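Engineer: Attaching a single structure in structure tokens format; questions to follow.
The values are calculated or read from the model by the stated rules, or taken from the named source; none is laboratory data. What you are looking at is a predicted structure, and each value in this text was computed from that prediction instead of being measured. Don't worry about glycine lacking a Cβ; one is built from the backbone with ideal geometry, like all the others, and counts go over all protein chains shown.
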Amino acid sequence: MLSEEIGEPTKFYYGMSTSRYSEPLDQLDVMLLMSKLRKQGLGNSLTIFVAGRFAQLNGRDRDELVDSEKKKVSVLSAVATVLDSVPVVLTTTTGLWSDPAYWKEVDRFREWDGILDKKRNGLPFSRVYESFEPELKQAMPPGLVSAISEVDAPSLYRLFEVAEASYMRKKMGIQAKAGPAFEEEYDRYIRNFMQIVQLSQPLDFRSTAKKIKPVVPYIGKQGEDRVFFSDGKMELCMKMKKLANRASGQPIYLDGNPKFMNPFVRMSVLAVEAAAQQDSAPVMLGSAPMSNGAAVARLFRKAGTGKLMKYASAVSECIWAYAVKPVQDELKRRGVEL
């Protein structure tokens, strides 16, 4: 499934970076989860924070990252429209680094044991600070600037992430952070003051039971074999057939870990959940009607994964009809190019 069980109404946030390559379909997961919970009357709300400018700590160009944040927001807005979801979307530029309250949290957490990653090398933070806009510089207390100015900027990433979560809790009343399992590096600190909900982590299509290739759900990198919102219908179909062939015979959960689902099964769950959130008729996989992700998981537990190819066309059609094509159409309507 997309996540562990979530009960009582909760305000969540989901932090994500930006893609230098293409926008992956996997970032549907948290939108689908929140849309589903809202329809169940649980009243859960979602804030998405696009932290693209955190990559400035790794030496990336400021203006390039500002543009990439805007592009990500456009894609997320189109997805929200298609899925009838209503997230609040913030970016580094518009909702975090210009607020002195965020830098107060950075200053508070910088003394925590182990929060600075000493192993990373890069430009000192003073060089990154030079590229900040005047309003960002004004938001930072002078004492903090001097305290971290000579620290290797990449070593500050964990500190900035933890301060981000604390800011979300204090400023916006957010109670829980949702994210993939690989974010445990930050989550082990954030658990001290916020609930953590880890989503199942997507896998590159080249994954096998013996060689798992987890990927970041909201970042597309060149060379990864995944489905992107920019894919055409035929390209999508070919990818799903290739994936079905590769994933056939693999267990539902690779290596016995529920955080790493068989990649074809996971794509099937996303496809059916996307259709369900748009109030479609149940999707037919073989002769069985599928109305939600739980039904998909039951199907493959019962039928096994030995003959996934017979489901490839149906899953591909569902992904195209209820996820990729609607988002492409919405972006085109808005005059946005992927």
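Engineer: Condition first: of a type in the set (A, V, I, L, M, F, W, C), out of contact with any Cys (no Cβ under 7 Å at 6 or more places or on another chain), outside the structural domain of Pro326 (by TED's automatic domain parsing) and part of a strand (DSSP E or B). Can you find one or more residues in segment 74-88 that meet it?
Structural biologist: Yes.
Engineer: Scan segment 208-228 for residues that are in contact with a helix residue (DSSP H, G or I) (Cβ under 6 Å, 6 or more places away or on another chain), modelled with pLDDT under 90 and over 18 Å from Ser268 (Cβ atoms) and jot them down.
Structural biologist: The one that is in contact with a helix residue (DSSP H, G or I) (Cβ under 6 Å, 6 or more places away or on another chain), modelled with pLDDT under 90 and over 18 Å from Ser268 (Cβ atoms): Ile212.
Engineer: Tally time: how many residues in segment 167-207 are assigned by TED's automatic domain parsing to the domain that holds Asp117, closer than 18 Å to Arg266 by Cβ and of a type in the set (Lys, Arg)?
Structural biologist: 0
Engineer: Can I ask one more? Out of segment 107-131, which residues are within 22 Å of Asp61 (Cβ to Cβ) and in contact (Cβ under 8 Å) with a residue 40 or more places away in the chain?
Structural biologist: Gly122, Leu123, Phe125, Val128, Ser131
Engineer: Another question about this same structure. Somewhere in segment 60-73, is a residue surrounded by fewer than 22 Cβ atoms within 10 Å (Cβ to Cβ), in a helix (DSSP H, G or I) and in contact with a Pro (Cβ under 6 Å, 6 or more places away or on another chain)?
Structural biologist: No, the conditions are met nowhere in segment 60-73.
Engineer: Cβ-Cβ below 7 Å, separation at least six or inter-chain, first residue in segment 254-281 and under 20 Å from Val86 (Cα atoms) and not assigned by TED's automatic domain parsing to the domain that holds Lys39, second of a type in the set (Ser, Thr, Tyr) and not in a helix (DSSP H, G or I): which pairs?
Structural biologist: Ala276/Ser291
Engineer: So which residues in segment 89-119 are of a type in the set (Asp, Glu), touching a Pro at 6+ places or on another chain (Cβ under 8 Å) and either at pLDDT 95 or above or not assigned by TED's automatic domain parsing to the domain that holds Ser22 (or both), if there are any at all?
Structural biologist: Asp107 - this is the single residue of segment 89-119 that is of a type in the set (Asp, Glu), touching a Pro at 6+ places or on another chain (Cβ under 8 Å) and either at pLDDT 95 or above or not assigned by TED's automatic domain parsing to the domain that holds Ser22 (or both).
Engineer: Oh, and also: Does Gln250 satisfy being under 29 Å from Glu161 (Cα atoms) and either among the polar types (S, T, N, Q) or assigned by TED's automatic domain parsing to the domain that holds Lys71 (or both)?
Structural biologist: No: the conditions fail for Gln250.
Engineer: Surrounded by 14 or more Cβ atoms within 10 Å (Cβ to Cβ) and touching a Ser or Thr at 6+ places or on another chain (Cβ under 8 Å): which single residue out of Val215, Val197 fits that description?
Structural biologist: Only one candidate qualifies: Val197.
Engineer: For segment 33-54, state whether one or more residues are modelled with pLDDT of 90 or more, aliphatic (A, V, I, L, M) and part of a helix (DSSP H, G or I).
Structural biologist: So far as segment 33-54 goes, no, none of its residues is modelled with pLDDT of 90 or more, aliphatic (A, V, I, L, M) and part of a helix (DSSP H, G or I).
Engineer: Then there's this: Identify, please: which residue in segment 178-234 is hydroxyl-bearing (Ser, Thr, Tyr) and assigned to a loop (DSSP other than H, G, I, E, B) and is, among those, farthest from Val324 (Cα to Cα)?
Structural biologist: Here the answer is Thr208.
Engineer: Can Arg226 be described as among the basic types (Lys, Arg) and in contact with a strand residue (DSSP E or B) (Cβ under 8 Å, 6 or more places away or on another chain)?
Structural biologist: Yes, satisfied.
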